[in-house]
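A short write-up of the structure that comes next.
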Amino acid sequence: MPRSYRPVASKTGHFLFEPIKTCTFCSLREGCRGPVPGVGPEHARVMLVLEAPGDWEDIHGIPVTGATWEEMERLLWLADLDRDSVYISNVTKCKPRSDPTWQDTFPCADLWLPQEVAMVKPYLIVAVGQLAARRLLGNPKLTLEETHGYPVWSDHWGAYVLPVYHPAAAFYNTKTLRWLQEDFREIGKAKVGKIRERAVDTWTGKERYGVAQDRRWQFTTGEAIAIDTETTPEGDLWCLSLSAAEGQAKVFMRENVQLVQPILSDPTVTLVFHNAFYDVPKLRNAGLEVRPGHIYDTMVMARDLKLESAGLKELASRWLVMRMESYQEVVRPSQMPLSIGYLQSAWQVASREGFPQPEPEVEVVWDKKTGTLITHTKKPQPLAKKIGRLLADIAAGKDVDPLDRWKQWGEETAPIVQEIGPHPIAYLAHVEPEHAVWYASRDADATRRLFFVLKALAEEEGMWDVIEMDAQSLPMIHEMMWRGIKVDTEYLRGLADEFSWRRAKLEGGLWEAVGYAWNPGSTHQTAQALFGALRLPHGRATKGGKLLSTDDEVLKPLLGRAGVSEMKRAVVKDVLEWRKLYKNENTYILPYIRLAEQDVDGRIHTDYSGMTETDRLAAKEPNVMALPKRSEEGRRVRMGFEASD
């Protein structure tokens, strides 16, 4: 047995070991080899509590083994700890069949965890993973983004509780490794009494938020002015809020936004946004020029500093201890009556005789027993029945989001939208005015406060030069988004016609080769044609092993595979060619034409507000950065861009 799995007699001899090992208290016991008791010194100063045993723990009966322990061992070294000096356990003692839930934790957390804590009497309990932190701190909505790395005194446990990420999180997100290392260094400090204190929001209950009424109101310029926008569902500016001092902010309604123009164009002013890529275009669309001396973006700063989140609410909670409502929390009470009224009308329309009913869905699945493809036909649920069930769920008090459900139904709702209009969307105008002003003001206040915290952090880590470089590039990127790219719609339309004609020609050959008409864009029909009719060797199965994959990485190897005839290789090659033409036409050419025709200057305005996983600039709506550059078709699409005079 590897060293990582070796039980130590002195660590497993405590009086709770056997009672836990033989526990059959809840249904989780039925799905595992046996409960996994905690191990370690009975009076350890530090106690690690993870979420639940995994496969290796279930096999060996010891908490934290395998790859998780290898990473945990390295992390404990940062805290000047090792396995012999800590008591390790799980909230849930039995391995659950799937990821453990809040409900799964109750039997063990109520029965065994208090006894373990009473036996060990730790000074510090390290809650490893979000579920463990939620259970130990008694908050089912707690997030690690906001709480990790800060010890919290718990009267319930009689110890400090320090939430940290699970080591496995670093396997999937390399950013998490940095936070893990910082958190375990914090464990090393906390275990010797050096408790990291959280900041305190000294402005709680003393905030000065309100609406700017007229020109007599003057804004005193400070070190920096934070600005935030709120919009209508159509994307138009509804109000903007400014903060020039901690705990203070003013809201300018749409009819008064011109009052802030002197500030926005003052070369001595430093403006701070949280997501300037969103806010600046909204201001410019409202007729405001944004040309201050400096622009900083706290979202970009958070990404440069590799913080755990770039969201304003999460950052404000963690770094400022500001309680902030989410937008959905604010508007949801107003959204529900709007949705109910609309859904009742929609149900009447969908229940009428003659309303379009969904077509049967054909699904081709792989039968492992017979080794053949089988075709299933499913009859989708009528829209009227879906709406009726949603209304019943709302009436029963279930936690449902009717607007989100409506969006999921997609094109199926088109006949209703055509008759009674789109589903109404609540926004701040539907909220009590005082509540709306508070929400808008708080965003600006939090943005300004956060700027100074992140600035100090950047200077401490020697990153301020990087922040400055990004800040200097922001106006250029905003100008790129605003100006857009001129496209030759006539050229692109001709290219789309050519690609469509080439696809039709390929389809004719594919139909002749297989013996019937089929759609190369359909996974089901392509699987039936290639692996069913042509008997090509199939690749991996998807969706629980039932659906055969027809991805390019599955089809391309068939071109060089021994035993595949030239005719069948030609079919595979034509399918890949068809897909390439279809993607260029429908992902790039047609959206470019549509967006250019919607713009008065015939330009497309790419949104560069997103970031990739590696924090590089990302493009969307449309994603011009994804346009193929190696293929002949991609190069021809690029020729549709026109350089400005």
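Checked across segment 534-546, the condition of being surrounded by 19 or more Cβ atoms within 10 Å (Cβ to Cβ) and at pLDDT below 85 holds for no residue.
Within segment 170-184, not a single residue is among the acidic types (Asp, Glu), farther than 23 Å from Ile125 by Cβ and touching a strand residue (DSSP E or B) at 6+ places or on another chain (Cβ under 9 Å). Restricted to segment 476-500, and to residues there that are aliphatic (A, V, I, L, M), part of a helix (DSSP H, G or I) and open to solvent by 40 Å² or more (accessible area, probe 1.4 Å), the residue that is nearest to Lys620 (Cα to Cα) is Met480.
Residue under question is Glu116, and the condition is that it be closer than 17 Å to Glu51 by Cβ and in a helix (DSSP H, G or I); does it hold? Before you say what the answer is, go through the steps one by one.
Working: closer than 17 Å to Glu51 by Cβ: yes; in a helix (DSSP H, G or I): yes.
Yes, satisfied.
Consider Gly509 carefully, then state whether it is in contact (Cβ under 8 Å) with a residue 60 or more places away in the chain and open to solvent by less than 40 Å² (accessible area, probe 1.4 Å). It would help to see each step written out before you state the result.
Details: in contact (Cβ under 8 Å) with a residue 60 or more places away in the chain: yes; open to solvent by less than 40 Å² (accessible area, probe 1.4 Å): yes.
Yes.
Under the condition of being surrounded by fewer than 17 Cβ atoms within 10 Å (Cβ to Cβ) and modelled with pLDDT of 85 or more, the residues counted in segment 43-70 number 1. On inspection, Asp80 qualifies as on the phi > 0 side of the Ramachandran plot, open to solvent by 10 Å² or more (accessible area, probe 1.4 Å) and either of a type in the set (D, E, K, R) or outside any helix (DSSP H, G or I) (or both). Residues in segment 125-140: is at least one surrounded by fewer than 19 Cβ atoms within 10 Å (Cβ to Cβ), in contact with a helix residue (DSSP H, G or I) (Cβ under 7 Å, 6 or more places away or on another chain) and outside any strand (DSSP E or B)? Within segment 125-140, one or more residues are surrounded by fewer than 19 Cβ atoms within 10 Å (Cβ to Cβ), in contact with a helix residue (DSSP H, G or I) (Cβ under 7 Å, 6 or more places away or on another chain) and outside any strand (DSSP E or B).
Quick one: would you say Ala619 is under 29 Å from Asp297 (Cβ atoms), in contact with a Ser or Thr (Cβ under 8 Å, 6 or more places away or on another chain), assigned to a helix (DSSP H, G or I) and in contact (Cβ under 8 Å) with a residue 12 or more places away in the chain? Answer is no for this residue. Across segment 346-354, a minimum of one residue is classified as open to solvent by 20 Å² or more (accessible area, probe 1.4 Å), basic (Lys, Arg), without any contact (Cβ under 8 Å) to a residue 24 or more places away in the chain and on the phi < 0 side of the Ramachandran plot.
Could you please let me know if Tyr439 is open to solvent by 10 Å² or more (accessible area, probe 1.4 Å), aromatic (Phe, Trp, Tyr) and either on the phi > 0 side of the Ramachandran plot or touching a helix residue (DSSP H, G or I) at 6+ places or on another chain (Cβ under 6 Å) (or both)? Answer is yes for this residue. Could you look through segment 550-570, keep only residues that are surrounded by fewer than 17 Cβ atoms within 10 Å (Cβ to Cβ) and in contact with a helix residue (DSSP H, G or I) (Cβ under 8 Å, 6 or more places away or on another chain), and pick out the one that is nearest to Pro520 (Cα to Cα)? Within segment 550-570, the match that is nearest to Pro520 (Cα to Cα) is Asp552.
Please enumerate the residues belonging to segment 472-495 that are among the aliphatic types (A, V, I, L, M) and modelled with pLDDT under 90. Let's see the steps before the verdict.
Within segment 472-495, the subset among the aliphatic types (A, V, I, L, M) is 474, 476-477, 480-481, 485, 487, 492, 495.
Correct list: Leu474, Met476, Ile477, Met480, Met481.
Quick check, is Val400 open to solvent by less than 50 Å² (accessible area, probe 1.4 Å) and among the aliphatic types (A, V, I, L, M)? So Val400 passes the test. Restricting segment 171-191 to residues that are buried (at least 19 other Cβ atoms within 10 Å of the Cβ) and part of a helix (DSSP H, G or I), the residue that is nearest to the chain's Cα centre (by Cα) is Thr176. Sort out which residues of segment 410-423 are outside any helix (DSSP H, G or I) and either loosely packed, with under 15 Cβ neighbours inside 10 Å or charged (D, E, K, R) (or both), and write them in order of number. Of everything in segment 410-423, those that are outside any helix (DSSP H, G or I) and either loosely packed, with under 15 Cβ neighbours inside 10 Å or charged (D, E, K, R) (or both) turn out to be Gly421, Pro422.
Of all the listed residues (Val280, Val272, Val260), the sole one being modelled with pLDDT of 95 or more and in contact with a strand residue (DSSP E or B) (Cβ under 8 Å, 6 or more places away or on another chain) is Val272.
Can you pull out the residues in segment 283-300 that are of a type in the set (S, T, N, Q) and buried (at least 20 other Cβ atoms within 10 Å of the Cβ)? Hit for segment 283-300 is Thr298, nothing else. The test for being assigned to a loop (DSSP other than H, G, I, E, B), hydrophobic (A, V, I, L, M, F, W, C) and open to solvent by 50 Å² or more (accessible area, probe 1.4 Å) holds for Ala517. Of everything in segment 310-319 that is open to solvent by less than 20 Å² (accessible area, probe 1.4 Å) and modelled with pLDDT of 90 or more, the residue that is farthest from Tyr150 (Cα to Cα) is Leu312.
Could you please find all residues in segment 312-347 being within 30 Å of Thr413 (Cβ to Cβ) and under 19 Å from the mean Cα position of the chain (by Cα)?
Filtering segment 312-347 down to residues within 30 Å of Thr413 (Cβ to Cβ) leaves 325-347.
Within segment 312-347, Glu325, Ser326, Tyr327, Gln328, Glu329 meet the criteria.
Of the residues that make up segment 223-240, is at least one outside any strand (DSSP E or B), open to solvent by less than 50 Å² (accessible area, probe 1.4 Å) and under 14 Å from Phe451 (Cβ atoms)? Outline the logic, then answer.
Within segment 223-240, the subset outside any strand (DSSP E or B) is 223-224, 232-236.
So of that shortlist, the ones also open to solvent by less than 50 Å² (accessible area, probe 1.4 Å) come out as 224, 232, 235.
Going one step further and asking which of them are under 14 Å from Phe451 (Cβ atoms), we end up with 224.
Among the residues of segment 223-240, at least one is outside any strand (DSSP E or B), open to solvent by less than 50 Å² (accessible area, probe 1.4 Å) and under 14 Å from Phe451 (Cβ atoms), which makes the answer yes.
Scanning segment 378-397 for residues that are without any contact (Cβ under 8 Å) to a residue 12 or more places away in the chain and either open to solvent by less than 60 Å² (accessible area, probe 1.4 Å) or of a type in the set (A, V, I, L, M, F, W, C) (or both) yields Ala392, Asp393, Ala395, Ala396.
The values are calculated or read from the model by the stated rules, or taken from the named source; none is laboratory data. From a predicted model like this one, the values you see are computed outputs, not experimental measurements. Cβ coordinates were reconstructed from backbone atoms using ideal geometry, including for glycine residues, and neighbour counts include every protein chain displayed. Just so you know, the surface numbers come from the protein's heavy atoms only, side chains and all, with ligands and any DNA or RNA stripped out. Shrake-Rupley method; radii C 1.70, N 1.55, O 1.52, S 1.80 Å.
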